[in-house]
Structure formats: C-alpha cells, structure tokens
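Okay, structure first, notes after.
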C-alpha cells in the first residue's frame, strides 16, 4: 500500500515522535566503508601505471624507429 518514499517518511516521523513500534521502522542503509574507497584508489593507480607504461613503450618505439632510420645505409 505504501510506496518506498512514503515508508521512509513515515519511519522518520515515527522516529522523531518517539514511536516504540519497531516493526514499522525501516532498516537503515549502511554507510559506505573505507575498503570501497581503497579499491577505487587501487584501480585508479593501476590505470595510471598502465598509461605510463604505454607511453614509455610508445616513446621507445619512436626512438628506435628514428635510430634505425638514421643508421641505415642509403642504397
């Protein structure tokens, strides 16, 4: 009968009025924990590391191509 928003509103109203009927209260959502933030930071660090390696490989290839071009004999 009640929608989710109405249930939350009713639970807050009953809580603020000191209603002791615990069956009508909705359970609270847990707060985000630290491990979630740590996981995101690890993923970000891995992404940045992969990007740095990709740029280094690209630069090394460009240098090798330039060196090869400079040292090859013109026939």
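Values in this text are rule-based calculations from the coordinates and carry no lab data. Please read all numbers here as calculations on a predicted model, not as lab measurements. FYI the Cβ positions are ideal-geometry reconstructions off the backbone, even for glycines, and counts take in every protein chain you see.
Spin-label point model (7 Å from Cα, Cβ direction): what's the residue 66 to residue 48 distance in nm?
2.7
On a full-extension model of 0.36 nm per residue, what is the gain between residue 40 and residue 59, subtracting their alpha-carbon distance, rounded to one decimal in nm?
Between residue 40 and residue 59, full extension yields 4.0 nm more.
If packing is taken as the mean number of other Cβ atoms within 10 Å per residue, what is the order of 56-68, 4-16, highest first?
Peptide ranking by packing, descending: 4-16, 56-68.
Full extension from residue 73 to residue 15: what is 0.36 nm times the residue separation minus their Cα-Cα distance, to one decimal in nm?
The span from residue 73 to residue 15 would gain 12.2 nm if fully extended.
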